[in-house]
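Trainee: I have a structure I would like to understand better, so I am pasting it below and will then ask my questions one at a time.
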Amino acid sequence: MLTSINMKLKSNLHFIELEKIINSIRGMNFESLIIIIDLNLHSQYFKKMDFDSLGKKVIIWKAPPGENCKNFKEFETCLEFLLEKGVHRNSHLLAIGGGALSDYAGFIASTLLRGISWSIIPTSLLSMIDASIGGKVAINSISGKNLIGSFHNPDNIYIDDKFIATLPVDEFQSGLGELAKYGILSKDIKKLILGGADICKIIQACAKFKQDITTKDLKESGERKILNLGHTIGHALEYIYQIKHGIAVFWGMIFIFIIFQKKRELDELIAIKRSLGIKETEPPWLNKTIPIADLMRFITKDKKTIKNNTLEVILPGMKNQVTIKEVSLMELETKIVNSEAEVKKFVIS
Ligand SMILES: NC(=O)c1ccc[n+]([C@@H]2O[C@H](COP(=O)([O-])OP(=O)(O)OC[C@H]3O[C@@H](n4cnc5c(N)ncnc54)[C@H](O)[C@@H]3O)[C@@H](O)[C@H]2O)c1
């Protein structure tokens, strides 16, 4: 397959302790190492990684925590800083942080000197199972999230679940919301979750699952789209109710399962929620009028709208197969209107 010079088709997934990552990095061939690290992670973890022992030039950039780095200003400031420090094309970039940091640092790696190699140490649950895998990198625009970006696969993803110990509770819950999606997409992961497997095992299974899919379909032209389960409505809920991404995906799946009458999957998702310890019981819309006009306005603007009036909805189908269904905006709106009463009173007891 023809691809750009810097496009790596498959990243190496390492399940490895933080203290041992340095040895893996030591074996890599680069002249200098650029570390872009979320400020919160810098204060808590940087000293645990002995980058001085590499004996190479190390350039460090501390980025504002979380989503605060994903904008033009931070992108430009960091690039100018690195160029001023004299980076070369055979520099390697290491991103340390959650999904926001890796989206931002990966976009820098993809544009700096027309693209340099990079690796990630994901530190949030959501980034371990999702954001660090598959090479999508981006910053936000005032017109919407993740609208300026590219595909740039990292060479290595180093996953150590110990980072979760310091993750704020709401961020952990958000990661669990996204994780629940994998329980619906994969029978094996569902079995692990419902069987009470250790979170470390579940993280590994989710990361491998996403890696397999994105390796086959890097640019989201086919199978990769199934990973958007719950996201069409979820993104709208995230925006309207200002809730965390993974929580919005969880309620987005519930919403879709109700309006498309997927009773079995709804029950499965609730069982998965209980096993994972997701605390959510009341949807953000409970006892409020469902903001159908706002939902539809947001969905119409979503980049997954494939034609003017048609979008792709990811739905579990026969024999546990997930399907990509083309639905017109009018059909979706009708389904929401018809199920409004049921959606409105839904709670998980
Ligand atoms: N590229 C992709 O495929 C993809 C997929 C899903 C989500 N994303 C992106 O990921 C972002 C969300 O990522 P996220 O949920 O990881 O949140 P995040 O990166 O915004 O981090 C959330 C907060 O947790 C802190 N944090 C992270 N790890 C920590 C740790 N171990 N200890 C203490 N604090 C820690 C951060 O400093 C931040 O304040 C969004 O910008 C979203 O667009 C990208």
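Where a number appears in this text, it was derived from the coordinates with a stated rule and is not lab data. All values reported here derive from a predicted model rather than from experimental measurement. All Cβ positions, even for glycine, are placed from backbone atoms using ideal geometry, and neighbour counts span all protein chains on display.
Trainee: Note down the magnitude of the dipole of the chain about its Cα centre, charges +1 on Lys and Arg C-beta and -1 on Asp and Glu C-beta and zero elsewhere, to the nearest 20 debye.
Mentor: Charge dipole of the chain: 580 debye, to the nearest 20.
Trainee: Could you tell me which residue out of S43, S221, A341 lies farthest along the dipole of the chain toward its positive end? Charges go on the beta carbon: Lys and Arg +1, Asp and Glu -1, centred on the Cα centre.
Mentor: Value computed over the given set: S221.
Trainee: Something else: Which whole DSSP H helices in the chain pass both tests: a Cα extent of 15 Å or more along the axis and a mean Kyte-Doolittle value no lower than 1.0?
Mentor: Details: long enough: 72-84 (18 Å, 0.28); 99-111 (18 Å, 0.66); 169-185 (25 Å, 0.21); 199-216 (26 Å, 0.11); 245-259 (21 Å, 2.26); 263-276 (20 Å, -0.42); 329-345 (24 Å, -0.38).
In the chain, the long hydrophobic H runs are 245-259.
Trainee: Gain in length, K56 to M318, computed as 0.36 nm per residue apart minus the alpha-carbon separation, to one decimal in nm?
Mentor: Length gained between K56 and M318: 88.8 nm.
Trainee: Between M330 and D212, how many nm apart are label points set 7 Å from Cα along the C-beta direction?
Mentor: 4.1
Trainee: Right, something else. Describe numerically, in nm with one decimal, the distance between label points set 7 Å from Cα along Cα→Cβ at K263 and at T289.
Mentor: Each label point is offset 7 Å from its Cα along the Cβ direction, giving 3.1 nm.
Trainee: Still on this structure: Going by average Cβ density within 10 Å per residue, which order do the peptides 181-189, 273-281 take, highest to lowest?
Mentor: Taking the mean over residues of other Cβ atoms within 10 Å, the ranking is 181-189, 273-281.
Trainee: In debye, nearest 20, what is the charge dipole magnitude of segment 243-349 about its Cα centre with +1 on Lys and Arg Cβ and -1 on Asp and Glu Cβ, if you could check? Write down the numbers at each step before the final one.
Mentor: Values: 18 positive and 13 negative charges, 40 e Å.
Roughly 180 debye, rounded to the nearest 20.
Trainee: Is it possible to state the helix-based mean residue ellipticity at 222 nm for the chain, with each DSSP H run of 4+ residues giving -39500 (n - 2.57), the sum divided by total residues, to the nearest 500 deg cm²/dmol? What is it?
Mentor: -13500 deg cm²/dmol
Trainee: Going by average Cβ density within 10 Å per residue, which order do the peptides 46-55, 59-68, 87-96, 246-255 take, highest to lowest? It would help to have the intermediate numbers written out before the result.
Mentor: Working: 46-55: 11.9, 59-68: 17.4, 87-96: 21.0, 246-255: 26.2.
The densest-packed peptide leads the list: 246-255, 87-96, 59-68, 46-55.
Trainee: Given the convex hull over the Cα atoms of segment 26-137, what projected area results after averaging over all orientations, in nm²?
Mentor: Projected over every direction and averaged, the Cα hull of segment 26-137 covers 6.6 nm².
Trainee: Hey, another quick one. Within 10 Å, count the other beta carbons around each residue, average over each peptide in 234-244, 158-168, 74-84, and list them highest first.
Mentor: 234-244, 158-168, 74-84
Trainee: Can you tell me the FRET efficiency between F81 and N308 if r is taken as the Cβ-Cβ distance and R0 is 56 Å, rounded to the nearest 0.05?
Mentor: In this case the efficiency is close to 0.85.
Trainee: Which value, in debye to the nearest 20, gives the size of the charge dipole of segment 169-345 about its Cα centre, when Lys and Arg are +1 and Asp and Glu are -1 at the Cβ?
Mentor: Values: 29 positive and 23 negative charges, 69 e Å.
The dipole of segment 169-345 has a size of about 340 debye.
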